[in-house]
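> Please find one structure pasted underneath; my questions will follow.
Read-outs: derived from the displayed coordinates by stated rules, not from any lab. Model, not experiment: these values are computed from the prediction. In this analysis, Cβ positions are derived from the backbone assuming ideal geometry, glycine residues included, and neighbour counts consider all displayed protein chains.
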Amino acid sequence: MAQDDNGGTEITPAASSAVDHRPGDAGTAVIVQDAVENPGFPPHRARITDKDPRKQRRAERTIYTLFYLSIVGSIWAIAAYIAFPIESGKISDLRISTLAIGLGMTLALLAIGFGAVHWAKALMVDKEGIDIRHPVQGTDETRERAVEIFQEADAESGFGRRTLIRNSLIGALVAFPLPAIVLFRGLGPMNEDPVKLLSHTMWKKGMRLTRDPSGTPIRASDVTLGSVFHVIPEGLNDKEDALDQKAKAAVLLMRLEPKDLHPSPDRKSWAYDGIVAYSKICTHVGCPVALYEQQTHHLLCPCHQSQFDITHEARVIFGPANRPLPQLPIEVDADGYLVAQSDFHEPVGPSFWERH
Amino acid sequence: MTATTAAETTAKKRSFTAAASNYIDERTSISGVVKEFGRKIFPDHWSFLLGEIALYSFIVILITGTFLTFFFQASQAEVIYHGSWVPLKGIQMSAAMNSTLNISFDIRGGLLVRQIHHWAALLFVASIGLHMLRIFFTGAFRKPRELNWVIGFTLFVLAMAEGFTGYSLPDDLLSGNGLRIIDGLIKGIPVVGTWISFLLFGGEFPGTAIVGRLYTLHILLLPALVVAFIALHLVFVVVHKHTQYAGPGRTQQNVSGFPILPVYAAKAGGFFFIVFGVVALMASLFTINPIWLYGPYDPSPVSAGTQPDWYIGFADGMLRLIPPHWEFVWLDRTWSWNIIVPVLILVVFLVVVAIYPFVEAWVTGDKREHHILDRPRNQATRTAIGAAGVTFYGTMWAAASSDLIATHFKLTMEGVIHTLQFTLILGPIVAYFITKRICIALQKKDRSVALHGYESGRIVKLPGGEFIEVHEQLDEYERWRLVSYDTYQPLMLRPNSRGKITFVNRLRAGMSRWLFEDRLEPITKGEIESGHGHH
């Protein structure tokens, strides 16, 4: 076994090696005394193009033909640009234009590439060269001189001696970028509290449930058994920050047999005749939970496959999510339209640190 | 007077090239550079081309990306689409999406350039990944190249960041959902998550700032870093001189191959055009990222089978593999372990990749420079670790397609996820042991071939009636490839000068046993000489 527990100072196997002249400690490497010797470079084998002048001429022809073909490809691409307009808006025209220009460019590029490589492999002198490696580190003199320079610079400046100057400079250098970091506070708006924003949506008492994206209100009688509606709050499309609001307020509306629902006592009044509304934003990382499985009443998030059971208040039955989808309490207004009883009773969407 | 005459005569003889070279050299002293590097030797092997593919696809990305910036508008201002693509006419969308559609449908060759850009980006990350695997399995990260490994690793991370920021720019439905996931991921980070998300998006998700900000990162900051790191990476390749595989005549002190001028320049230059050509061919024939089918970003709709670009798959897949209910409220704060754990796993995985060279160097204590590459089989444990890592990564990556695997192979979604959860833990272990056994078996085969020759297929009947197959000996050049490699012994645990065995020493000895206990002794000259007589 190797003995390298004292930094390898006791053993210097590399030095005794007959084959390896690399400087440095070999550590736990096995140094074979009776190692097989490197036989040296094998004899050179001539290529077919070196031996047969006809093959050589043929390679020459191939190469310049390829380069001429490349010119053809470039001209073809330019011609295709002119010859195949796409302004008609027809998808077939676009396809032809893309294909024709692209294939022309492909020919231009590949022909240069294959030509150049073939030239190198078949015709350029096939003689391998050898470079000698030197240790990456500088020579001893260079390294000594480098150390000396630092010492001289230290002596001349007093960097090591004048500690007060040095340390105050280090302090200043640490402090000076801090204002730049503080400036980045401006990336977010100044007078808004993210926690407060995340805790509320635009839903409020009496706000009608409307179809996404048209914004037409929904009557309870429109919602047939087994159907699912993608819902946004009334007036969302007119909002300045419609997408921001939609990212929180999007809702899925489903009608089940009332006997299939198992609401907890305090939520019994949140549904209307088997119609329930749940936040569409996944409680995992916020994808829309858009896939409804009618038979099992499961909602599936297509991003990470979290599944929610609508019959049991959208509890998580599979996937990485933890919390059930928040439920939007709904009722019917005087005209028979579905409206919200209130905002969600908890923040919707992905979890965040301050949420509790 | 004589001087003038001399100058006149040389001027007459001089060609234009010579005059131009002289002009440049008198102002730049470039002749020194040509003298230094013109005949520099580069060794030849197909696996050395992987890094070149990465470099060339990056150049393609720079060229096509510059073209795209002339037409792309990095703004989330709402506009109504009036372009050529009929299904989206009259639809409200961001200027970013609108301009991307215009590039695709209303600018001749725009779609082609967009697709070259995207395909090249996919190839860029892929070739970096394969290049890293090549470096890992051949031990090219050993002294003196450890720092260059870290630079290359940084480039891999930067490439993924470049890819993701670019992917998000069109502001289409698919990439918007990708950003939605990033937002959810960031919000799950303890203490700072909510605020980072708020600052990144300039308020609530999605806001109107993110595309412009990602654009600055994508075309300014990240490319500048990539260019700087590539430059550094290549400077080190020149300083270290390229590694080479073991072969007759090749030693730790030389490098054999073709000179830059002319052969290597022709091959490498030609290869650039081949890479560019293949990407152009793919872009001509195959659609990539058809944003016109996805539509503009809207937080409500989503299509089934959403997937990120391939290189983000491992992160997305890791998110999918977390079982339900890994989250709780404690100390009045939400601890989202379903976010924290996958993020930690990804970070630890990447950190292990980044520091592996230093760990191995510490365990072996080998301070010599290594310029001859290992054959993967001769470093059985390292190769097995690599195989385990590939399996781990591959499982995470496969999980990003869990839904597509389920629908295409008619399996249950839950079954696929559960299988992948098991594979994530057991797969690397199985891969580790199988790979290690295969490597050691291959070592034994090498040893047997080197000592006793290979089976010639020639059956000879001996006078006594016995049949034997004649083994042919390798020639010394072929044999050299099989017998020249580094091996290490496990470290013996011994007390230090104060008579103590420290924890650090125990750890090092333990790791050394793990890495080097199962091994074959290297073949000696004596063995070969005595081995010849056997058959």
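> Looking at region A:198-340, what % of the alpha carbon pairs are farther apart than 26 Å?
17 percent
> Continuing with the same structure: For the protein assembly as shown, just list the percent of Cα-Cα distances falling in each 20 Å bin from zero outward, please.
11, 34, 34, 17, 4, 0
> So what are the ³J(HN,Hα) numbers for region A:184-197, from phi and the Karplus equation (6.51, -1.76, 1.60; θ = phi - 60°), rounded to whole Hz, Gly and Pro as x?
Once θ is set to phi - 60°, the couplings for region A:184-197 become 5, 4, x, 4, x, x, 6, 9, 10, 9, x, 5, 5, 4 Hz.
> Counting other C-beta atoms within 10 Å, and keeping those with at most 12, which DSSP coil trypsin sites (Lys or Arg not before Pro) do you find in region A:191-242?
A:Lys205
> Suppose only helical runs count, i.e. DSSP H with n ≥ 4. What mean residue ellipticity at 222 nm does that imply for chain A under -39500 (n - 2.57) per run, divided by all residues and rounded to the nearest 500 deg cm²/dmol?
Roughly -10500 deg cm²/dmol at 222 nm, from the helical runs in chain A.
> How high is the relative contact order of chain B, in percent, with contacts defined as C-alpha pairs under 8 Å that are six or more residues apart?
Value for chain B: 16 percent.
> Over region B:48-298, what per residue volume does the convex hull of the Cα atoms give, in whole Å³?
144 Å³
> Taking every pair of alpha-carbon atoms in region A:141-183, what share in percent sits in each 10 Å bin, from 0 to the bin with the longest distance?
Final binned percentages: 25, 30, 25, 17, 3.
> Continuing with this model, one more query. Report, in whole Å, the centroid distance computed from the Cα atoms of region A:292-356 and region B:316-365.
Cα centres, region A:292-356 to region B:316-365: 29 Å.
> With helices defined as uninterrupted DSSP H runs, which ones in chain B have an alpha carbon span along their own long axis of at least 20 Å and mean Kyte-Doolittle hydropathy of at least 0.5?
Counting only whole DSSP H runs, the qualifying helices are B:49-69, B:110-137, B:146-168, B:173-187, B:222-240, B:265-285, B:337-364, B:380-399, B:413-452.
> Going by C-beta contacts inside 10 Å, put B:Leu68, A:Leu328 in order with the fewest on the left.
B:Leu68, A:Leu328
> Right, another one. For chain B, what is the calculated [θ] at 222 nm in deg cm²/dmol (nearest 500), taking -39500 (n - 2.57) for each run of four or more DSSP H residues and dividing by its residue count?
Mean residue ellipticity, 222 nm, calculated: -19500 deg cm²/dmol.
> Just how many % of Cα pairs in region B:87-175 lie over 23 Å apart, if you round to the nearest whole percent?
Tail of P(r) above 23 Å: 43 percent of Cα pairs.
> Starting at the first residue of region A:285-291, write each ³J(HN,Hα) from the Karplus equation 6.51 cos²θ - 1.76 cosθ + 1.60 with θ = phi - 60°, in whole Hz, x for Gly and Pro.
Using θ = phi - 60°, the values come out as 10, x, 5, x, 7, 9, 9 Hz.
> For region B:50-112 and region B:419-462, compute the distance between their C-alpha centroids and round to whole Å.
Each part's Cα centre sits 50 Å from the other's.
> Considering only DSSP states other than H, G, I, E and B, which chymotrypsin sites (Phe, Trp or Tyr not before Pro) in region A:154-215 qualify as loop sites with at most 16 other Cβ atoms within 10 Å?
Those that pass, being in a loop and sparsely packed, are A:Phe159.
> Could I ask something else about it? Please report Rg (one decimal) and Dmax (integer) in Å for the Cα set of chain A.
Looking at chain A, its Cα Rg and Dmax stand at 37.9, 100 Å.
> Something else about it: Give me a single rounded figure for B:272-279: the average over its residues of other chain Cβ atoms within 10 Å of their Cβ.
6
> Please sort through the DSSP H helices of chain A and keep those with an alpha-carbon extent of at least 27 Å along the long axis and a Kyte-Doolittle average not below -1.0.
A:53-83, A:91-118
> For a quick check, take a GNM of chain A with Cα springs below 10 Å and name the residue from A:Leu103, A:Leu164, A:Leu198 with the largest mean-square fluctuation.
Evaluated over chain A, the most mobile residue of the options is A:Leu103.
> Here is a follow-up. Please state the equivalent ellipsoid semi-axes for region B:375-535: what are the square roots of 5 times the Cα gyration tensor eigenvalues, largest first, in whole Å?
Semi-axes from the Cα gyration tensor: 41, 30, 12 Å.
> Checking a compactness column here: for region A:48-123, what do you get for Rg(Cα) / (2.2 N^0.38 Å), N being the number of residues?
With N residues counted in region A:48-123, Rg over 2.2 N^0.38 Å equals 1.50.
> Checking the a/c ratio against 1.5 first, then a/b against b/c, what shape does the Cα gyration tensor give for chain B?
Oblate shape, in that a/c is at least 1.5 and b/c is the bigger or equal ratio.
> Name the residues whose placed amide hydrogens come within less than 5 Å of the amide hydrogen of A:Arg22, ignoring near sequence neighbours (fewer than 5 apart) on the same chain.
The list, which skips near neighbours in sequence, is empty: none.
> Just to check I understand the Karplus step: with θ = phi - 60° and J = 6.51 cos²θ - 1.76 cosθ + 1.60, what whole-Hz values come out for region A:261-276, glycine and proline as x?
Residue by residue, region A:261-276 yields 8, 10, x, 6, x, 6, 10, 4, 8, 7, 9, 10, 6, x, 8, 10 Hz.
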